[in-house]
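Note sheet for the following structure.
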Amino acid sequence: MGAKESMDFQVVVLAGGFSKTLVPLVSKEVPKALLPVANRPVLSYVLELLEQNDLKNAIVVVEGESAALLISSWISSTFVDRLDVEVTAVPEDVGTAGALRAIDHRLTAKDILIVSGDLVSEIPPGAVAAAHRRHDAVVTAMLCSVPVSGPSDSGSSGAKDKAKKAGRYNIVGLDPTKQFLLHIAAGAEVDKDIRVQKSILRAVGQMEIRADLMDAHMYAFKRSVLQDVLNQKETFQSLRREVLPYLVRTQLRSELLLNGAQSEENGNGKDALQNSKILLSQLLANASTPSFHEIYALGPAGSAPTLRKTHKCCVYIANKSKYCARLNSIQAFSDINRDVTGDANHLSGYTFSAQNNIIHPSAVVGSKTTVGPQCMLGEGSQMGDKCSVKKSVIGRHCRIGSNVKIANSVVLNHVTIGDGCSIQGSIICSNVQLQERAVLKDCQVGAGFVVTAGSEHKGESLAKKEKQ
């Protein structure tokens, strides 16, 4: 995106707060945006994507003062002289729409680009912005292929429940040109019957229903429209589940005051209608293929007694080969860490060795210890003898004994692991202590927890009780 375009696009990153769905991974010290992917905070992936696309200014919206302070100090130390980022705290649990309502007075540009702070993607935001401008849309949503989820081939038994599966995230209705959004269901709505406005179906002729696309939570909005909807619909809390579906449903019976309401004020409405009809017929003459919105607005042969108000909801469908996932569940945390040290390791920002792994130069590895491909061993971490690490990420300054097996797991920073422990398919948060011969399979262990010697845990979430 050139300077001109980025000038009148304002970027807002919705970074969330201490997300309840990610307990025990998040804690008072680690808000969601600072959860690590390949040993760096997930938010760094979004900020670097903006930086690469020459979008150097952003407002990062964080739920809760304490989370905002943590994120702000991390950004200022990491992106100093690189990005101009303003971190703003909003109340907790206000939802994505509520967060934007709270910073309404800060939104001044013609268009707003809204990105979720948990997005790990290589899809250029500029492409979404360009599609938005090309169609003069009120909203343009980026859709990407549904990510493949589930445990990787760990070669253990129970292969049938190990099948990687693609979840159903959204039901999406597209026009035949795949440029316009006719229907979108998210969350609980996905399993309900699909209901589409008859007027939309009639106007467009046919609709393609897709269940293999995911709303990636990167939107371009016309600012006036976004503010309009947030003000009129005070109960709306979610962009994805409420604001976007509302705009899609009403696109042929638009309630929006597009370009302000000046036409009614300047003289009588009749002239305004004549003018807009002339305008539209010129538009139709010039446009090689007018969209169904324009044709509908004029009515059959331009016979509509009053110009019908329409607005356009567009999509930008990302190329299948481009990586795109959101860290919005515990499973997604494991999946994304696996991908960014695996098939999508070009996103990690690191150079992998000939063995396809990264062992930090300051890390110490004992004799007969193997660190396999698609692994990371962070700065200052030490491993004893005869250990094996497979498809796992190990953070900074960890102390790992001898005869330890770690597979398909993510170990955060300052973790101590005693001799003879076995960790599989698990997430171990910072400052955890595993005493010798502890066995973990498919567990999450919250920060600072002590796993007692010789204990075995399967499919458990282990965490200290948080002091209120």
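The values are calculated or read from the model by the stated rules, or taken from the named source; none is laboratory data. Worth saying up front: this structure is predicted, and the values here are computed from it rather than measured. Glycine gets a Cβ as well: all are built from the backbone with ideal geometry, and neighbour counts include every protein chain shown. Just the protein is used for accessible areas: all its heavy atoms, side chains included, with ligands, DNA and RNA removed. Shrake-Rupley method; radii C 1.70, N 1.55, O 1.52, S 1.80 Å.
Which residues, taken from the stretch 353-395, are among the polar types (S, T, N, Q) and closer than 17 Å to I423 by Cβ? Hits for the stretch 353-395 are T369, T370, Q374, S381, Q382, S388, S392.
Whether a residue is in contact with a strand residue (DSSP E or B) (Cβ under 6 Å, 6 or more places away or on another chain), more than 22 Å from T21 (Cα to Cα) and crowded, with 24+ Cβ neighbours inside 10 Å was assessed, and L440 does not pass this test. Of the residues C429, C443, the single one that is without any contact (Cβ under 8 Å) to a residue 40 or more places away in the chain, under 28 Å from the mean Cα position of the chain (by Cα) and within 25 Å of K32 (Cβ to Cβ) is C443.
The set of residues in the stretch 326-343 being among the hydrophobic types (A, V, I, L, M, F, W, C) and over 11 Å from V148 (Cα atoms) consists of L327, I330, F333, V340. With the checklist (1) surrounded by fewer than 18 Cβ atoms within 10 Å (Cβ to Cβ); (2) touching a residue at least 24 places away in the same chain (Cβ under 8 Å) in hand, flag the one item L69 doesn't pass. Evaluating L69 over (1) surrounded by fewer than 18 Cβ atoms within 10 Å (Cβ to Cβ); (2) touching a residue at least 24 places away in the same chain (Cβ under 8 Å) leaves (2) as the failure.
Would you tally the residues in the stretch 406-425 being over 19 Å from E456 (Cα atoms) and open to solvent by 20 Å² or more (accessible area, probe 1.4 Å)? Residues meeting the conditions: 2. For the stretch 386-423, taking the residues that are hydroxyl-bearing (S, T, Y) and over 28 Å from the mean Cα position of the chain (by Cα), the one that is nearest to E29 (Cα to Cα) is identified as T416. Only residues that are in a strand (DSSP E or B), crowded, with 21+ Cβ neighbours inside 10 Å and either among the small types (G, A, S) or under 23 Å from the mean Cα position of the chain (by Cα) (or both) were counted across the stretch 315-362, and they come to 5. Residues considered: V204, V229. Of these, the only one that is more than 27 Å from L107 (Cβ to Cβ) and among the β-branched types (V, I, T) is V204. Among the residues of the stretch 374-386, the ones that are open to solvent by less than 70 Å² (accessible area, probe 1.4 Å) and either under 28 Å from K322 (Cβ atoms) or in a strand (DSSP E or B) (or both) come to 6 in all. Of the residues Q206, Q197, Q179, which single one is modelled with pLDDT of 90 or more and surrounded by fewer than 20 Cβ atoms within 10 Å (Cβ to Cβ)? Of Q206, Q197, Q179, the one residue that is modelled with pLDDT of 90 or more and surrounded by fewer than 20 Cβ atoms within 10 Å (Cβ to Cβ) is Q179. Does S461 fit the bill of being closer than 15 Å to M383 by Cα and open to solvent by 30 Å² or more (accessible area, probe 1.4 Å)? The answer is no for S461.
Check the stretch 396-405 and report whether any residue there is in contact with a Gly (Cβ under 8 Å, 6 or more places away or on another chain), under 23 Å from F352 (Cα atoms) and surrounded by 23 or more Cβ atoms within 10 Å (Cβ to Cβ). Yes: the stretch 396-405 contains one or more residues that are in contact with a Gly (Cβ under 8 Å, 6 or more places away or on another chain), under 23 Å from F352 (Cα atoms) and surrounded by 23 or more Cβ atoms within 10 Å (Cβ to Cβ).
Each row is one residue, and each column tells you yes or no for (1) in a strand (DSSP E or B); (2) not aromatic (F, W, Y).
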| position | (1), (2) |
| --- | --- |
| S199 | no, yes |
| R202 | no, yes |
| Q206 | no, yes |
| I209 | yes, yes |
| M218 | yes, yes |
| S224 | no, yes |
| D228 | no, yes |
| F236 | no, no |
| R241 | no, yes |
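Being without any contact (Cβ under 8 Å) to a residue 24 or more places away in the chain, crowded, with 24+ Cβ neighbours inside 10 Å and touching a Lys or Arg at 6+ places or on another chain (Cβ under 9 Å) holds for only one residue in V393, V371, V389, and it is V389. Would you confirm, using the coordinates I've provided, whether T108 is touching a Lys or Arg at 6+ places or on another chain (Cβ under 8 Å) and in a helix (DSSP H, G or I)? Judged against the criteria, T108 is not a match.
Residues that are in a helix (DSSP H, G or I), open to solvent by 10 Å² or more (accessible area, probe 1.4 Å) and under 17 Å from A89 (Cα atoms) within the stretch 7-66 comprise K32, L34, E65, S66, listed in sequence order.
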